[in-house]
Amino acid sequence: MARPDKWGEEKLAPFPIHSEAGLADQPERIEMTLLQSAAIAVYRSLAIHHPRWLCRLKMLGGNSVVEDREFWKFYTTLLREGAVVQPLEDFFNLYQLVLRTRNLPGDIAELGVYRGGSAKLIASLKGEKGLYLFDTFAGMPSVRADVDTHLEGDFDDTSLEAVSSYLRGFNRVFFHKGLFPDSAGELAKTPITFSLVHLDADIYESTRAGLNFFYPRMVKGGMIVSHDYRSLTCPGVKRAFEEFFADKPEAVIELWKTQCLVVKQ
């Protein structure tokens, strides 16, 4: 299902989390899904056509983000292309972190690519750094029922062919399809280091595997940022960070809106 250079008219589901099978006998869930769809449609319209009004609604009228034309160029373009799943605040944080780590040695990695929205932002700003993208490109892998709320197969409306087509034209973008960390097997044999790692895995095992792999390969001052650390629907992410950094010197810094950040000492 490759597309020429963007996702076209196909739009993301409001919250593509669980399968909609069986919704017919769940009227409250149907109503909530419709409300979510309507709210996201209004949000996207404001962000694309009236970003100042969106900032006012978010109580950001006096914030410098209103005047950051470069950011809004990326954000509105990716919204039009239907590739953004992060909140405005998370997207802006990632935008800033890519800029702030450009002068550090090392490459960039993203674990959890989905449709490539955040990967396109990173690719647009990374300069000559390599960008290594890890995903099954076929939906969520197996999950742990005791700590994850997602289901195996969630976010399966993507493919490697579609994402690679979407990101074509960017240099030094490398795709690693499959279960992580097996998908990084060949890369693990090299002396590669990273200045920035974006984790968006949503579940415990994948997040923990990402930390195990990337942390020892981070340069000093390099940054690991994770989506969904503060999300109540992804408790496994926070648990993975808390366990992994329990005996590490770095602090896990909570960011607004759902993210956390670690700076390698």
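Values in this text are rule-based calculations from the coordinates and carry no lab data. The model shown is predicted, which means the values in this text are computed figures rather than measured ones. Cβ coordinates were reconstructed from backbone atoms using ideal geometry, including for glycine residues, and neighbour counts include every protein chain displayed.
Computed values, structure above
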{"read-out": "Condition check for Ser118: in contact (Cβ under 8 Å) with a residue 40 or more places away in the chain, of a type in the set (Gly, Ala, Ser) and touching a helix residue (DSSP H, G or I) at 6+ places or on another chain (Cβ under 7 Å)", "value": "yes"}
{"read-out": "All positions within the range 111-149 that are of a type in the set (Phe, Trp, Tyr) and part of a loop (DSSP other than H, G, I, E, B)", "value": "Tyr114, Phe137"}
{"read-out": "Residue under evaluation Gly112, criteria (1) surrounded by 22 or more Cβ atoms within 10 Å (Cβ to Cβ); (2) free of Cβ contacts under 8 Å to residues at least 40 places away in the same chain, criterion not met", "value": "(2)"}
{"read-out": "Residues located in the range 209-265, provided they are assigned to a strand (DSSP E or B), over 20 Å from Pro87 (Cα atoms) and small (Gly, Ala, Ser)", "value": "Gly221, Gly222"}
{"read-out": "Among (1) surrounded by 14 or more Cβ atoms within 10 Å (Cβ to Cβ); (2) assigned to a loop (DSSP other than H, G, I, E, B); (3) of a type in the set (Asp, Glu), the one test that Glu152 misses", "value": "(1)"}
{"read-out": "Residue in the range 86-99 that is at positive phi and under 17 Å from the mean Cα position of the chain (by Cα) present", "value": "no"}
{"read-out": "Number of the exception - Val65 against (1) among the β-branched types (Val, Ile, Thr); (2) touching a residue at least 24 places away in the same chain (Cβ under 8 Å); (3) over 20 Å from His198 (Cα atoms); (4) touching a Leu at 6+ places or on another chain (Cβ under 7 Å)", "value": "(4)"}
{"read-out": "The range 142-168, residues that are of a type in the set (Ser, Thr, Tyr) and either out of contact with any helix residue (DSSP H, G or I) (no Cβ under 8 Å at 6 or more places or on another chain) or closer than 13 Å to Tyr204 by Cα (or both)", "value": "Ser142, Thr149, Thr158, Ser159, Ser164, Ser165"}
{"read-out": "Checking Leu99 against (1) part of a loop (DSSP other than H, G, I, E, B); (2) surrounded by fewer than 16 Cβ atoms within 10 Å (Cβ to Cβ); (3) in contact (Cβ under 8 Å) with a residue 12 or more places away in the chain, the condition it does not meet", "value": "(1)"}
{"read-out": "Qualifying residues in the range 213-249 (those that are of a type in the set (Lys, Arg) and surrounded by fewer than 21 Cβ atoms within 10 Å (Cβ to Cβ)) - the one nearest to the chain's Cα centre (by Cα)", "value": "Arg230"}
{"read-out": "Residue selected from the range 162-210 under the condition touching a residue at least 24 places away in the same chain (Cβ under 8 Å), over 19 Å from the mean Cα position of the chain (by Cα) and within 29 Å of Asp148 (Cα to Cα), by the criterion surrounded by the fewest Cβ atoms within 10 Å (Cβ to Cβ)", "value": "Ala188"}
{"read-out": "In the range 155-175, the residues that are part of a loop (DSSP other than H, G, I, E, B), in contact with a Phe, Trp or Tyr (Cβ under 8 Å, 6 or more places away or on another chain) and either closer than 15 Å to Lys120 by Cβ or of a type in the set (Phe, Trp, Tyr) (or both)", "value": "Phe155, Thr158"}
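Each row is one residue, and each column tells you yes or no for (1) of a type in the set (Phe, Trp, Tyr); (2) surrounded by fewer than 22 Cβ atoms within 10 Å (Cβ to Cβ); (3) under 30 Å from Leu46 (Cα atoms).
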residue: Gly62; (1), (2), (3): no, yes, yes
residue: Asp68; (1), (2), (3): no, yes, yes
residue: Phe92; (1), (2), (3): yes, yes, yes
residue: Ser118; (1), (2), (3): no, no, yes
residue: Asp148; (1), (2), (3): no, no, no
